[in-house]
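Here the structure comes first, spelled out in structure tokens, and everything after it is commentary.
The values are calculated or read from the model by the stated rules, or taken from the named source; none is laboratory data. What you see is a predicted model, and the numbers here were worked out from it, not measured in a lab. Note: ideal-geometry Cβ built from the backbone for every residue, glycine included; neighbour counts use all protein chains shown. Heads up: the accessible areas ignore ligands, DNA and RNA and are worked out on the full protein's heavy atoms, side chains in. Shrake-Rupley method; radii C 1.70, N 1.55, O 1.52, S 1.80 Å.
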Amino acid sequence: MNVVVGADGLARCGWGASTPEYTVYHDTEWGRPLHGDDALYERLCLEAFQSGLSWLTILRKRESFRAAFAGFVIEKVAVFDGADEERLLADAGIVRNRAKIVAAIGNARAAAELPGGLSALLWSFAPEARPRPVTMADVPAISPESIAMAKELKRRGFRFVGPTTAYALMQATGMVDDHVAACHVPPR
């Protein structure tokens, strides 16, 4: 399904009207340019936690993730220790996957070490604007830029950031605009 017209009469990307949470996320966040080290760190973490799960699961747990991870403030998460790891593993409000939790903490430490900040690094991989896809079949899962981003992040010590996760991050944060052409959300 490429586009769905909601009860409000607005055309959305096919996935954007399947639940109320998706509708709000689609209309107000997904594909909108997002800047700021902590804001992008949050999205990087959530994309990694989503791996193998539904994005809806992550959206529904988002506030719990924010509470558990100190608002995703890089400097705060970077000093999490073993006790914090155990606290997070016991928190039913988040996805309790040890590898992903350890990666989120390690990624905060890696982000804290970046000389120009996480936002500048991630946005350096944003491609030139291109026409919106006509159908969802035209939306790639990876791109040359997401491959390069994942490689650079891994080189800098980040984990759980392969090319597919990097591309999902690029979509979610407006580095690429993959709303289908008929979608009501204005182009970036």
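Once amide H atoms are built 1.01 Å from N in the peptide plane, which residues 5 or more positions from Val3, or in another chain, come under 5 Å H to H?
Under 5 Å from the amide H of Val3 lie the amide H atoms of Gly14, each far enough along the sequence or on another chain.
Expressed as a whole percentage, what fraction of the accessible surface of the chain belongs to carbon and sulfur atoms when a 1.4 Å probe is rolled over the protein heavy atoms?
58
Can you give the Kirkwood hydrodynamic radius for segment 35-82, in Å, rounded to one decimal and based on Cα pairs?
This gives a value of 11.2 Å.
Between Gly36, Thr19, Leu53, whose Cα lies farthest towards the positive end of the dipole of segment 1-159 when Lys and Arg beta carbons carry +1 and Asp and Glu beta carbons carry -1, centred on the Cα centre?
Leu53
Using a 10 angstrom cutoff on alpha carbons, build the Gaussian network for the chain and name the most mobile of Tyr167, Tyr25, Tyr41.
Tyr25
Could you state the per residue volume, in Å³, of the convex hull enclosing the Cα atoms of segment 84-188?
Here the figure is 125 Å³ per residue.
By average Cβ neighbour count within 10 Å, what is the ranking of 66-77, 133-144 from highest down?
Output ranking for 66-77, 133-144: 66-77, 133-144.
Based on the inverse mean of 1/r over its pairs of different Cα atoms, what is the Kirkwood hydrodynamic radius of the chain, in Å?
Taking every pair of different Cα atoms in the chain, averaging 1/r and inverting gives 17.1 Å.
List the relative contact order of the chain as a percent without decimals, with contacts defined as Cα pairs under 8 Å and 6+ residues apart.
Once divided by the residue count of the chain, the mean separation gives 31 percent.
Would you mind calculating the relative contact order of segment 1-102 from Cα pairs under 8 angstrom and at least 6 residues apart, reporting the percent as a whole number?
With pairs under 8 Å counted, the relative contact order is 17 percent.
For the ranges 111-117, 125-131, what's the packing order if you count other beta-carbon atoms within 10 Å of each residue, average per peptide, and put the highest first?
The most tightly packed comes first, giving 111-117, 125-131.
Whole number in Å², please: accessible area per residue of segment 109-180, 1.4 Å probe, ligands, DNA and RNA not counted.
Spelled out: the 1.4 Å probe surface of segment 109-180, per residue, equals 46 Å².
List the lysines whose Cα lies under 27 Å from the Cα of Lys61, skipping any in the same chain that are fewer than 8 positions away.
Straight-distance partners of Lys61: Lys76, Lys100, Lys154.
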